[in-house]
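Everything below concerns the one structure shown next.
The values are calculated or read from the model by the stated rules, or taken from the named source; none is laboratory data. Treat the numbers as computed from the prediction; the structure is a model and nothing was measured. Virtual Cβ from ideal backbone geometry, glycine too; neighbours counted across all protein chains shown. Heads up: the accessible areas ignore ligands, DNA and RNA and are worked out on the full protein's heavy atoms, side chains in. Shrake-Rupley method; radii C 1.70, N 1.55, O 1.52, S 1.80 Å.
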Amino acid sequence: MTFSIGIFDLFTYLTPGSLYLTLSAYLAVRQDWVRLDDLSRQPTPLLLLLALLLAYVLGNATYGLGRVVDRALPFWNWGRFDARRVFAEQALGAAGSRMLTAPWGVLLAAAELHNREVAAEATRMRAIGLMMRNATVPLLLGAVLAVVEAGRGFGGTAAVLAGPALLAVAGGAAWRSVVLRFWAELKTLEICFVIPDIEDRLRGPAGTEPAEGPGA
């Protein structure tokens, strides 16, 4: 459990939050709200600790913006990224399985109970996928900021090149996010498929199937 929480904290929240913090710090210095000379006189360990805390808070506070990326991109409508359909086509005997309708949280819990070390790979891919998704927004904001700075004649060639570069990275991050989360879901289904009593477990304590819930 500690390992899984650490993975999500580092990838899903801290990394995108650090990008938001970098943008905020740039604007603060650019607008003379904060002076670098004043920061240089502060204890370095204290600044690093504050930066980590602020990045973590920003990553949590802006998590919902990552869902906007999912709604804006058409990738999830493609059949090639439907893990349940792909798994049903690849695995003989999977058709009609309760795994194909069970919530992802239930399936992941079953996979972790069966083999935590193997399930950690699915958790890792899902965490990195969410990191990529959530990082897309600050990368796009950075691209817009670079265009604005270039239009104002600040930054020279670096600002001109930064806009297209950040835009390309944001597009790559969004694409990779979808791919990694698809792999994580497919891996979860593969693990659950080899659990001997998975069909009985998915019936629930009262012998009924759990209702399907929304994805992450």
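Which residue pairs have Cβ atoms closer than 7 Å, lie 6 or more positions apart in sequence or on different chains, and pair a first residue in the range 190-203 that is closer than 14 Å to GLY96 by Cα and at pLDDT below 80 with a second residue that is among the aromatic types (Phe, Trp, Tyr) and open to solvent by less than 60 Å² (accessible area, probe 1.4 Å)?
none
Any idea which of (1) part of a helix (DSSP H, G or I); (2) small (Gly, Ala, Ser); (3) surrounded by 12 or more Cβ atoms within 10 Å (Cβ to Cβ) is the one GLY64 doesn't satisfy?
(3)
Which pairs turn up if I take residues in the range 96-108 that are more than 17 Å from ASP197 (Cβ to Cβ) and touching a residue at least 24 places away in the same chain (Cβ under 8 Å) and look for partners that are part of a loop (DSSP other than H, G, I, E, B) and not acidic (Asp, Glu) with beta carbon separation below 6 Å, at least 6 apart in sequence or on another chain?
PRO103/GLY213; TRP104/GLY215
When the residues of the range 19-38 are narrowed to those that are among the polar types (S, T, N, Q) and surrounded by 10 or more Cβ atoms within 10 Å (Cβ to Cβ), which ends up nearest to the chain's Cα centre (by Cα)?
Across the range 19-38, the extreme among qualifying residues is THR22.
Is there a residue being part of a loop (DSSP other than H, G, I, E, B) and either out of contact with any Ser or Thr (no Cβ under 8 Å at 6 or more places or on another chain) or of a type in the set (Phe, Trp, Tyr) (or both) anywhere in the range 109-117?
Checked against the condition, which is being part of a loop (DSSP other than H, G, I, E, B) and either out of contact with any Ser or Thr (no Cβ under 8 Å at 6 or more places or on another chain) or of a type in the set (Phe, Trp, Tyr) (or both), the range 109-117 yields at least one hit.
Could you tell me which numbered condition ASN134 fails, if it satisfies all but one of (1) within 20 Å of VAL178 (Cβ to Cβ); (2) over 22 Å from the mean Cα position of the chain (by Cα)?
Status for ASN134: all satisfied but (2).
Please go through the range 80-103 and give me each residue that is open to solvent by 50 Å² or more (accessible area, probe 1.4 Å) and part of a helix (DSSP H, G or I), ordered by number.
Across the range 80-103, the qualifying residues are ARG80, ARG85, GLU89, GLN90.
Can you tell me how many residues in the range 144-184 are within 25 Å of ARG126 (Cα to Cα), open to solvent by 40 Å² or more (accessible area, probe 1.4 Å) and in contact with a helix residue (DSSP H, G or I) (Cβ under 6 Å, 6 or more places away or on another chain)?
Total satisfying the criteria: 5.
Which one of THR15, THR44, THR2 is under 30 Å from LEU113 (Cα atoms), among the hydroxyl-bearing types (Ser, Thr, Tyr) and at pLDDT 80 or above?
Checking each option against the conditions leaves just THR15.
Which residues, counting only those in the range 39-60, are touching a residue at least 12 places away in the same chain (Cβ under 8 Å) and surrounded by fewer than 16 Cβ atoms within 10 Å (Cβ to Cβ)?
ALA51, LEU52, VAL57, ASN60
Could you grab me the full set of residues in the range 139-159 that are β-branched (Val, Ile, Thr) and over 22 Å from SER18 (Cα atoms)?
Across the range 139-159, the qualifying residue is only THR157.
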